[in-house]
1. Those residues that are within 9 Å of the ligand (Cβ to nearest atom) and β-branched (V, I, T), I need them from segment 80-104; list them, please.
2. D180 is checked against (1) out of contact with any helix residue (DSSP H, G or I) (no Cβ under 6 Å at 6 or more places or on another chain); (2) within 30 Å of A284 (Cβ to Cβ) and fails just one. What number does that condition carry?
3. Quick test of your reading of the structure: A241 fulfils all but one of (1) at pLDDT 95 or above; (2) within 24 Å of P354 (Cα to Cα). Name the failing condition by number.
4. Please go through segment 56-115 and pick out each residue that is under 18 Å from the mean Cα position of the chain (by Cα), of a type outside the set (D, E, K, R) and open to solvent by 30 Å² or more (accessible area, probe 1.4 Å).
5. Only one of (1) within 15 Å of the ligand (Cβ to nearest atom); (2) at pLDDT 95 or above is not met by A62, so which one is it?
6. Out of the residues in segment 255-282 that are of a type in the set (A, V, I, L, M, F, W, C) and open to solvent by less than 60 Å² (accessible area, probe 1.4 Å), which is farthest from the ligand (Cβ to nearest atom)?
7. Do you know which of the residues in segment 141-161 that are open to solvent by 20 Å² or more (accessible area, probe 1.4 Å) and touching a Lys or Arg at 6+ places or on another chain (Cβ under 8 Å) is nearest to D180 (Cα to Cα)?
8. Could you count how many residues in segment 327-356 are crowded, with 18+ Cβ neighbours inside 10 Å and in contact with an Asp or Glu (Cβ under 6 Å, 6 or more places away or on another chain)?
Amino acid sequence: MQTDNLNIAVIGLGYVGLPLAVEFGKKRPVIGFDINQKRVTELQNGQDHTLEVSSEELKQAAHLSYTANAEDLNAANVYIVTVPTPIDEHKRPDLTPLIKASETIGKTLKQGDIVIYESTVYPGATEEDCVPVLERVSGLMFNRDFYAGYSPERINPGDKEHRVTNIKKVTAGSTPEIADLVDALYNEIIIVGTHKASSIKVAEAAKVIENTQRDLNIALINELAMIFNKMGIDTEAVLQAAGSKWNFLPFRPGLVGGHCIGVDPYYLTHKAQTIGYHPEIILAGRRLNDGMGAYVVSQLVKAMLKKRIHVEGARVLVMGLTFKENCPDLRNTRVIDIVKELGEYNIEVDVYDPWVSKAEAQHEYGIDPIEQPKPGQYDGVILAVGHDQFKALGAPGIRSLVKSGGVVYDLKYILPAQESDIRL
Ligand SMILES: NC(=O)c1ccc[n+]([C@@H]2O[C@H](COP(=O)([O-])OP(=O)(O)OC[C@H]3O[C@@H](n4cnc5c(N)ncnc54)[C@H](O)[C@@H]3O)[C@@H](O)[C@H]2O)c1
């Protein structure tokens, strides 16, 4: 089978879907489909509010068109699904977007078509949850009339170095021939090559453990930080010393937010539980990481009390609201845990983040970020996110924000050790 005759539609034009559609759209016709008309209009106007793709790059994708009309999908014979895979309030996988996208594709699915899923899922989700929807809606039979593929995404929002084309990509297909075809298709855009997995389940499992491993490694370092803080030992100094060994992994403590690392492990643990295995280590790591916001505030409050700062009614500035540095992504940010916990102490909180959309912060979290912090106003400052703008302020700029005797808490090791009062 040749890739020449493949007409791609990308379903879901978010952080993952858009960069992918753009890369394919530089080379071949691509239909970019999203149910969000506002997003489609923004892209038609040459703008990407996620800042993953510049206006220049959008122009380079000369063969990419955008639509919110599902009927336009009729022209496609390969559908790449990049819709969200969140968890619900009970931390269980919410496959609704994936099922809805599969229903949309099912309506347009034809003989010989291929549906490739990229969304992060648990092993089995493609063949056990999505394919039956495609079969039901289309009336076609899997691996006879249509085929499936899975190719997880590894991009890292805000990272201008590791981009779609220079991150090795895992590919898989529902038959050996389809696996070859899917692999060949991705090799058209991935300059560093692909890893063809032996099955769709292997590829699904590989993605979910990448993020689970990262989550657990950070949980271990968070636990070590708690131990060292109790002992008055500087964690960063310990990590630097241990990091002088060739095989010590360079993880740092911190909040684990975003919609990947703090979410994906629950997909795996959910699946494990449905087959009668109750994961211990993975969930212990999750619990620890989810408790970091409350821990940070307890540390700040202790430091304030030691300096005889009256905690109730104190003013604290939280610097950074996004889930990570140098990107506007607010989804599942755990900085919100810090803000809420400070509120429990009746501390007055200002949030400052030059990256975020004020409307989104208000809509998602009911927070109104301030325009610019004023010097000498705060009893405490928490450096929660390592944005370049905060690094550029340096120690004098950040210290100038606190009143004399105020506490600077550096979660991100932005400042030299002696310039902050506490660090994680
Ligand atoms: N953002 C990342 O860093 C990253 C990295 C690797 C993997 N992933 C995974 O990729 C998937 C997508 O994540 P994302 O960050 O791009 O999400 P996103 O929220 O940025 O984008 C998803 C897009 O899909 C659209 N959408 C939702 N339901 C749809 C439907 N039924 N039909 C068509 N469009 C629909 C939304 O409007 C949105 O524009 C998730 O499974 C995520 O876990 C994300």
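The values are calculated or read from the model by the stated rules, or taken from the named source; none is laboratory data. The shown structure was predicted, so the numbers you read here are calculated from the model rather than taken from an experiment. In this analysis, Cβ positions are derived from the backbone assuming ideal geometry, glycine residues included, and neighbour counts consider all displayed protein chains. Calculation scope for accessible area: heavy atoms of the full protein, side chains included, ligands and nucleic acids excluded. Shrake-Rupley method; radii C 1.70, N 1.55, O 1.52, S 1.80 Å.
1. Taking segment 80-104 and keeping what is within 9 Å of the ligand (Cβ to nearest atom), we get 81-86, 96-104.
Hits for segment 80-104 are V81, T82, V83, T85, T96, I99, T104.
2. It fails just one condition, (2).
3. Answer for A241: the failing condition is (2).
4. P84, P86, I87, P97
5. (1)
6. Pass one, segment 255-282, residues of a type in the set (A, V, I, L, M, F, W, C): 255-256, 260-261, 263, 268, 272, 275, 281-282.
Adding the requirement that they be open to solvent by less than 60 Å² (accessible area, probe 1.4 Å) leaves 255-256, 260-261, 263, 268, 272, 282.
Working: L255: 16, V256: 14, C260: 5, I261: 9, V263: 7, L268: 13, A272: 18, I282: 17 Å.
So the residue we want is A272.
7. Here is the first cut: in segment 141-161, the ones open to solvent by 20 Å² or more (accessible area, probe 1.4 Å) are 141-144, 147, 154-156, 158-161.
From the residues that got through so far, the ones that are touching a Lys or Arg at 6+ places or on another chain (Cβ under 8 Å) too are 154-155, 158.
Values: R154: 20, I155: 23, G158: 31 Å.
Once the filter is applied, the top-ranked residue is R154.
8. Here the count works out to 1.
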